[in-house]
Amino acid sequence: MTDETSSTHNHSRSADVAARIERRWAIVAIAVIALIAVMAAYGGIHRATMPQTQVETIDPTTLHLNGEFIESNLGSAIEPNGSVTVRVVGQQYSFTPQCILVPTDTPITIRATSPDVVHGFLIEGTNINTMLVPGYISDLPVQFNKPGEHLMPCHEFCGVGHEGMWGKVKVIDKFDFLQLSTKERRLNCVD
Ligand code: CUA
């Protein structure tokens, strides 16, 4: 064997080794990408991440005139399936209703929007944290397992009165809520 053939031989062997290592790392990289794709899909489907895939629009200029966000339709209502839907409007510089009343141990859907500018919508002690954008409906699932009160500040600068824009969520016992709902169609805890 001459020196030349031996070096060619070594060269092709190290090329094989390199190809094997490259293949192995390519598999690792593809596995990581696949894992991230699965996590993103899972997060989206189970609503564990933002932004949501669903987009609902509404005309902000006629909110108060017709549709689900007219004043008499705001507040908490029991649905035929036993869940509760809460409709809220955030405007400069308050929420309507200012105090949201909800029951314990019940699936709740909050539907909220804004007629004027972007507001923040956050319920302390929950993972509800979003924005109310004029023209769009924010649709958020939440459930409370014990009675209590949660602060609900606007956390998006919305004008000179921003710092005074606060609401709250009051969670009461499921049976008390049911009792109240037999008397009124839309509930809130505004005094
Ligand atoms: Cu509304 Cu800040």
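Quick rundown of the values:
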{"quantity": "Gap separating the Cα centres of segment 77-132 and segment 146-180, nearest whole Å", "calculated": "8"}
{"quantity": "Relative contact order of the chain, defined on C-alpha pairs under 8 angstrom at six or more residues apart (%)", "calculated": "20"}
{"quantity": "Of His155, His46, His64, the one that fluctuates the most in a GNM where the chain has Cα springs shorter than 10 Å", "calculated": "His46"}
{"quantity": "Solvent accessible area, Å² - Ile21, 1.4 Å probe, full protein context", "calculated": "80"}
{"quantity": "For Ile100, residues with placed amide H under 5 Å, excluding near neighbours", "calculated": "Lys168, Val169, Lys170, Cys189"}
{"quantity": "Loop-located trypsin sites (Lys or Arg not before Pro) in segment 24-108 whose Cβ has at most 14 other Cβ within 10 Å (DSSP)", "calculated": "Arg47"}
{"quantity": "Chymotrypsin sites (Phe, Trp or Tyr not before Pro) restricted to DSSP loop in segment 74-175 with at most 16 other C-beta within 10 Å", "calculated": "Phe157"}
{"quantity": "Antiparallel bridges, percent of DSSP beta bridges restricted to the chain (to nearest 5)", "calculated": "70"}
{"quantity": "Accessible area of the chain divided out per residue, in Å², using a probe of 1.4 angstrom", "calculated": "62"}
{"quantity": "Beta bridges per DSSP with both ends in segment 71-183, % antiparallel, nearest 5", "calculated": "65"}
{"quantity": "With every protein chain in place, the chain: carbon and sulfur % of accessible area (1.4 Å)", "calculated": "59"}
{"quantity": "Given charges at Cβ of Lys, Arg, Asp, Glu: the chain dipole, positive-most of Tyr42, Val88, Phe121", "calculated": "Tyr42"}
{"quantity": "Helix-derived mean residue ellipticity, 222 nm - over the chain, DSSP H n ≥ 4, -39500 (n - 2.57), to 500", "calculated": "-9500 deg cm²/dmol"}
{"quantity": "Glu22 accessible area, 1.4 Å probe, all protein chains in place, Å² to nearest 10", "calculated": "130"}
{"quantity": "Solvent accessible area, Å² - Leu178, 1.4 Å probe, full protein context", "calculated": "80"}
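The values are calculated or read from the model by the stated rules, or taken from the named source; none is laboratory data. Only a predicted model underlies this, so the values are computations on that prediction, with no experimental measurement involved. Cβ: placed from backbone, ideal geometry, glycine included. Neighbour counts: every protein chain shown. Note: accessible area is taken over every heavy atom of the protein model, side chains too, but ligands, DNA and RNA are not part of it. Shrake-Rupley method; radii C 1.70, N 1.55, O 1.52, S 1.80 Å.
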